[in-house]
1. Within region 163-220, which residues are in a loop (DSSP other than H, G, I, E, B) and under 12 Å from the mean Cα position of the chain (by Cα)?
2. State all residues of region 188-209 that are touching a residue at least 12 places away in the same chain (Cβ under 8 Å) and over 24 Å from residue 112 (Cα atoms); if no residue qualifies, say none.
3. Of all helices (runs of 4 or more DSSP H) completely enclosed by region 65-143, which ones contain at least 2 residues that are under 22 Å from the mean Cα position of the chain (by Cα) and at pLDDT 85 or above?
4. Quickly run through region 146-162 and pick out the residues that are surrounded by fewer than 16 Cβ atoms within 10 Å (Cβ to Cβ), at pLDDT 80 or above and either in a helix (DSSP H, G or I) or not assigned by TED's automatic domain parsing to the domain that holds residue 197 (or both).
5. With (1) surrounded by 17 or more Cβ atoms within 10 Å (Cβ to Cβ); (2) modelled with pLDDT of 90 or more as the list, and residue 189 as the residue in question, which single condition is left unmet?
6. Would it be correct to say that residue 246 is in a helix (DSSP H, G or I) and touching a helix residue (DSSP H, G or I) at 6+ places or on another chain (Cβ under 6 Å)?
7. If you go through region 209-236, how many residues are more than 27 Å from residue 275 (Cα to Cα) and at pLDDT 90 or above?
């Protein structure tokens, strides 16, 4: 068969886009009988076939042909599955996923910490402003799935903790991972019902990640009695000074004092970052907003979508419990698939 059905994604997948491990990771089965399939490659051409040698019981045999679905029908099903999956992640899994971000280091309940951040009136205002900026200024990058994946690959390559990131190293399953992140970002930028609140959750998560970064740039742990480190040149001192302003004003935004909120926004709006520190002059507020946007997208690159979806998918779990020996075989690269024909 030239295509199978992924129980993990609820999507049809073309055989020529799969690698051997993808069949097990995505729970690929026959579209007609839902039995597991393995990937075959003969003379450079890939196809899928039932894993027949493991079946002694005739009841497991597929007596009917694969459903005669057109490419358009399969694409419509896949798009519908993507939309439903995005809504499910937003409504049911977004906060738990943020808690599983390997860079978050939440000491307590994720929802409690993020909820406290969201409770700040200034933060909610800033999140709304940031959402409009992201949809407008950064629309081109956010709307390009190829660029989104390229940026994601660059981000993951820079991380020093690959063992803590539950993302397959290659194959169609890796493409599916980035597609989920891209679809989620698109949904958050629509402004539709519930999307704004979900954007707030991701926004405050990014702020939590950015604050230590800004504090580090501010060199607040420098030598005692010295305003700047001895090794800092004029450019470095300017960067440090700007970072200290950002840290001070942004920390005021996290307080409950409305007067400090107003003052902090005024300072961040009026002061500018200028070349060569930035390509063009821009208010400090815009400068830090780009940092936050990057942290939001970077978070979407590395969240463990597939493992969490798999844990909550009864049909997928049933597939795994029914065919554990088959999945082990179809995921083993040393298996001779030609022997199964």
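1. Once the filter is applied, which keeps residues that are in a loop (DSSP other than H, G, I, E, B) and under 12 Å from the mean Cα position of the chain (by Cα), region 163-220 yields 165, 166, 167.
2. Those that are touching a residue at least 12 places away in the same chain (Cβ under 8 Å) and over 24 Å from residue 112 (Cα atoms): 189, 191.
3. It comes to 71-88, 94-99, 110-118, 121-137.
4. Result: 146, 147, 150, 153, 154, 157, 158.
5. Of (1) surrounded by 17 or more Cβ atoms within 10 Å (Cβ to Cβ); (2) modelled with pLDDT of 90 or more, only one is false for residue 189: (2).
6. yes
7. 0
The values are calculated or read from the model by the stated rules, or taken from the named source; none is laboratory data. Quantities reported herein were computed from a predicted structural model and do not represent experimental measurements. Positions of Cβ are generated from backbone atoms using ideal geometry, with glycine treated the same way; all protein chains shown enter the neighbour counts.
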